[in-house]
1. Remind me, what semi-axes does the chain give for its equivalent ellipsoid, largest first in whole Å, using sqrt of 5 times each Cα gyration tensor eigenvalue?
2. Tell me the relative contact order for the chain as a rounded percent, counting alpha carbon contacts under 8 Å between residues six or more apart.
3. Applying the Karplus parametrisation 6.51 cos²θ - 1.76 cosθ + 1.60 with θ = phi - 60° to the phi angles of the range 11-28, what ³J(HN,Hα) value in whole Hz is obtained for each residue in order, glycine and proline being reported as x?
4. Give, in nm to one decimal, the length gained when the segment between Leu126 and Thr19 is fully stretched (0.36 nm per residue of separation minus the Cα-Cα distance).
5. Return the distance in nm (one decimal) between the two label points of a simple spin-label model at Gln99 and Glu79, each offset 7 Å from Cα along Cα→Cβ.
6. Using the Kirkwood radius over Cα pairs, work out the Stokes-Einstein diffusion coefficient for the range 32-108 at 4 °C and 1.567 mPa s, in µm²/s as a whole number.
7. For Asp118 paired with Glu42, estimate the spin-label separation in nm (one decimal), with each label point 7 Å from Cα along the Cα-to-Cβ line.
8. Just to be sure I understand the model, the point goes 7 Å from the Cα along the line to the Cβ. What's the resulting Ile91 to Asp109 distance in nm?
Amino acid sequence: MVRLIFLGPPGAGKGTQATLLAKSFSIPHISTGDILRGAVAERTDLGLKAQAYMDRGELVPDQLLLDMIRNRLNQSDAESGWILDGFPRNIAQADFLDQLLLEIHQSCDAVVNIDVPDEVLVSRLLERGRKDDSEEVIRRRLDVYRSQTAPLIDAYRNRQQLVSVNGNQPIDTVTSELQRLIEHK
Ligand code: AMP
């Protein structure tokens, strides 16, 4: 049983590593970015509300995320563990998650931070070429990460939950370092 939160700036390889580890632990990979992009593609009410924020590289309002996370963690496949990728993204979301985990009698085993220098992030994101990967939007997403998400790193470190890995290495090196760190946590 493994429950993990993935932090780290856009382009750090969170999605890639979360996908690989979820497969190796046979647990669901819950990416709020993927869920939101699915909602945008299907033009659901949520998608229509979220799209403009995503296009600008801003965080979607918390209120749109909270029920989504609550419902997702209450689904039966999440009983065997989970990897949360892209949530929480700010202090309010982290407080909400603490409360939710208490309510459902679960706890997170580790918070993974994938560290990558800024210049590497920008060039990786430009190569990826997703709709929100234009240079201007990339800059905005990095600013939002620094101001709203990065403070969570210290908060989780103070609670002894943080595991940090150098993400500027080949994909399988990062995966095996993560596996080793998580098993020793
Ligand atoms: P990601 O795929 O994690 O990079 O997320 C893509 C975009 O979805 C972000 O730039 C935000 O606009 C939105 N998003 C994803 N997760 C969250 C979240 N936890 N809170 C607010 N917005 C989010």
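1. Working through the eigenvalues yields semi-axes of 23, 21, 15 Å.
2. Relative CO of the chain lands at 34 percent.
3. Rounded to whole hertz, the list is x, 6, x, 4, x, 4, 5, 5, 4, 5, 5, 4, 5, 5, 8, 6, 10, x.
4. 36.4 nm
5. 2.7
6. So the translational diffusion coefficient is about 98 µm²/s.
7. Roughly 3.8 nm, to one decimal.
8. Rounded to a tenth, the inter-label distance reads 3.0 nm.
Computed from the coordinates by the stated procedures, all read-outs in this text should not be read as laboratory data. Please read all numbers here as calculations on a predicted model, not as lab measurements. Please note: Cβ atoms are built from the backbone with ideal geometry, for glycine as well, and neighbour counts cover all protein chains shown.
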